[in-house]
Amino acid sequence: MILGRWADLPTTFSFAKQRLRQLALGLADQGLSAGSMFLVNVVLARTQSKEDYGLFALSYSIYMFLLGLHTAIVLEPFTVYASGRYQARFASYLKLMMRSNALTGATLSVGLLLLCLLSRIFVPSLNSPPLLGLALTVSFILTGAFLRRSFYVLRQPEMAARTSLLFFVVVAALLWITAKTRTLNGFSVFFVLAVAWVIASLVVVRKLPPRKLEPAFLDSEPHYWREHWAYMRWVLAQAFVYQFMHQGYYWLVAGFLSVREVGELKAMYVLIAPVEQVIVSLSFLFLPALCAKYAAQNLGGFFAFWRRYALLEVGVTVIFALGVRAVGGRVIHVLYAGKFDDLAPMLFLLSLVPLTMALGYTLSDAIRAAEKPRLVFYAVVSSAVATFVIGLPLVKYFGLQGAVYGMLVSGITFTGALAVAFRLRVHKRISSGTADHYSAAPPVPTSEAL
């Protein structure tokens, strides 16, 4: 037996090395993608007035809302089903979802253009150049998100990282050109992002699996859209409500304070965004593996994997908060050239927001892998209610600091609701053997899982 264990060591070390490599590549991908947006925000915050930067922040919050809709309609069902029950027919399923992605992006773009037109006619004060720039480019930006997610489903984070590297290089070059030509503003920066995604996508798209001579996906799964809707409706409802958790605070600040304070809140949150991108990166890596384990009915591995995921995410957010506590004031001074130094005391408090939600994000991924998205929706609703019941008065009476306190309350509510749902409706049912399973997906070899 001892000799057998020694013989298994090379395989164990190889598997651990593969895990670390995937994790490093995922972090590199998110770091480069988030680094591009970080660079955009810092350059705009330094070169534009606080009011103009606040208008960009409000437009970007609308983009985050549209990204949530895109995730609900396309990305999340694609990730869950392509990693689980339809992994054996990935090529035909990918073709179907690529068409869905293009249609969704075009629809959102048309809807946003219509909103710009109506705003210009009826409420001119709500219309802004950044919003028009977003309307003209959003479909291209969302296509970049779909391409990166496809590589994660294929367990090829290195290709996602290459895509983000190309994106980062092009964004940096275009920012330099537009700054030198004095054309950089909240409108043109969305074109910078769109052009960068187009160039990066054209370079790497051929790395996707070639089309196979097989029946169209809907020929073998004629009822797929019914299943898609059954899953998507909860995530779609969640996308509408989720905005009230964090993005909603930008609008509360705009309504009760001013666009200037919106710019200040955004300038602070830009410095918190890196740890959120690490969280997203971990989700991209861990969610497909959780889906595969649940599809293969490897429930012991499912729970053990989630525990390691939760420990890692909480540890990352704790370390980040401590780092902000130590050097946050100096960082905000250097990046913004002293323009936002008065915000330094609030920065550490804001850095606790990802910590309040870290465990919640892992619970959300585990629940979605078990195909119970309605439970995540209920948790998001609970957090949105906390935003209105507690967050709104905090913003009204305590200003910008009240918005930060409100974000903390919303995050704690989100995680608490998910913990209750996971314990009562997922962990308890699976442990008792009453959970719903499906057998459409073949077992996934361990070496393919993270």
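The values are calculated or read from the model by the stated rules, or taken from the named source; none is laboratory data. All values derive from a computational prediction rather than experimental measurement. Glycine also receives a Cβ, built like all others from the backbone with ideal geometry; neighbour counts cover every protein chain displayed.
Counting only residues that are surrounded by fewer than 24 Cβ atoms within 10 Å (Cβ to Cβ) and of a type in the set (A, V, I, L, M, F, W, C), the range 369-394 holds 11 of them.
Put simply, of Thr143, Thr183 the only residue that is free of Cβ contacts under 8 Å to residues at least 60 places away in the same chain and either outside any helix (DSSP H, G or I) or over 20 Å from His70 (Cα atoms) (or both) is Thr183.
Considered as a group, the residues in the range 175-200 that are of a type in the set (S, T, N, Q) and crowded, with 16+ Cβ neighbours inside 10 Å include one that is farthest from Asn127 (Cα to Cα), and that residue is Thr178. Within the range 345-353, can one find any residue that is touching a Phe, Trp or Tyr at 6+ places or on another chain (Cβ under 8 Å), within 30 Å of Trp229 (Cα to Cα) and either among the small types (Gly, Ala, Ser) or assigned to a helix (DSSP H, G or I) (or both)? The answer is no; no qualifying residue exists.
Scanning the range 249-269 for residues that are surrounded by 23 or more Cβ atoms within 10 Å (Cβ to Cβ) and small (Gly, Ala, Ser), we see that the one that is farthest from the chain's Cα centre (by Cα) is Gly263. There is at least one residue in the range 50-71 that is more than 30 Å from Ala337 (Cβ to Cβ), touching a helix residue (DSSP H, G or I) at 6+ places or on another chain (Cβ under 8 Å) and of a type in the set (Ser, Thr, Tyr).
Of the set (1) under 24 Å from Ala24 (Cα atoms); (2) touching a Gly at 6+ places or on another chain (Cβ under 9 Å); (3) not in a helix (DSSP H, G or I), all apply to Tyr152 but (3). Please go through the range 91-148 and pick out each residue that is among the β-branched types (Val, Ile, Thr), at pLDDT 85 or above and either surrounded by fewer than 18 Cβ atoms within 10 Å (Cβ to Cβ) or over 23 Å from Asn41 (Cβ atoms) (or both). Listed by number, the residues that qualify are Thr104, Thr107, Val110. Exactly one residue among Ala72, Ala57, Ala45 is crowded, with 18+ Cβ neighbours inside 10 Å, modelled with pLDDT of 85 or more, part of a helix (DSSP H, G or I) and over 18 Å from the mean Cα position of the chain (by Cα), and that residue is Ala45.
Can we say Thr163 is under 26 Å from Ala292 (Cβ atoms), polar (S, T, N, Q) and part of a helix (DSSP H, G or I)? Answer is yes for this residue.
Across the range 230-275, which residue is modelled with the lowest pLDDT among those that are polar (S, T, N, Q) and in a helix (DSSP H, G or I)? Steps first, answer last, please.
Here is the first cut: in the range 230-275, the ones polar (S, T, N, Q) are 238, 243, 247, 258.
Retained after the next criterion (residues that are in a helix (DSSP H, G or I)): 238, 247.
Numbers: Gln238: 73, Gln247: 77.
The residue in question is Gln238.
Looking only at residues of the range 359-381 that are in a helix (DSSP H, G or I) and of a type in the set (Lys, Arg), we find that the one that is farthest from the chain's Cα centre (by Cα) is Arg374. Just one of the numbered conditions (1) closer than 17 Å to Gly35 by Cβ; (2) touching a Pro at 6+ places or on another chain (Cβ under 7 Å) is not true of Val270: (2). Condition check: without any contact (Cβ under 8 Å) to a residue 24 or more places away in the chain, polar (S, T, N, Q) and farther than 13 Å from Val40 by Cβ. Does Thr163 satisfy that? Judged against the criteria, Thr163 is not a match. Right, Leu9: among the aliphatic types (A, V, I, L, M), modelled with pLDDT of 70 or more and more than 18 Å from the chain's Cα centre (by Cα) or not? No, not satisfied. Taking each residue of the range 87-111 that is touching a residue at least 40 places away in the same chain (Cβ under 8 Å) and farther than 13 Å from Ser150 by Cβ and looking for partners that are of a type in the set (D, E, K, R) and surrounded by 19 or more Cβ atoms within 10 Å (Cβ to Cβ) with beta-carbon atoms closer than 8 Å, six or more apart or interchain, yields nothing.
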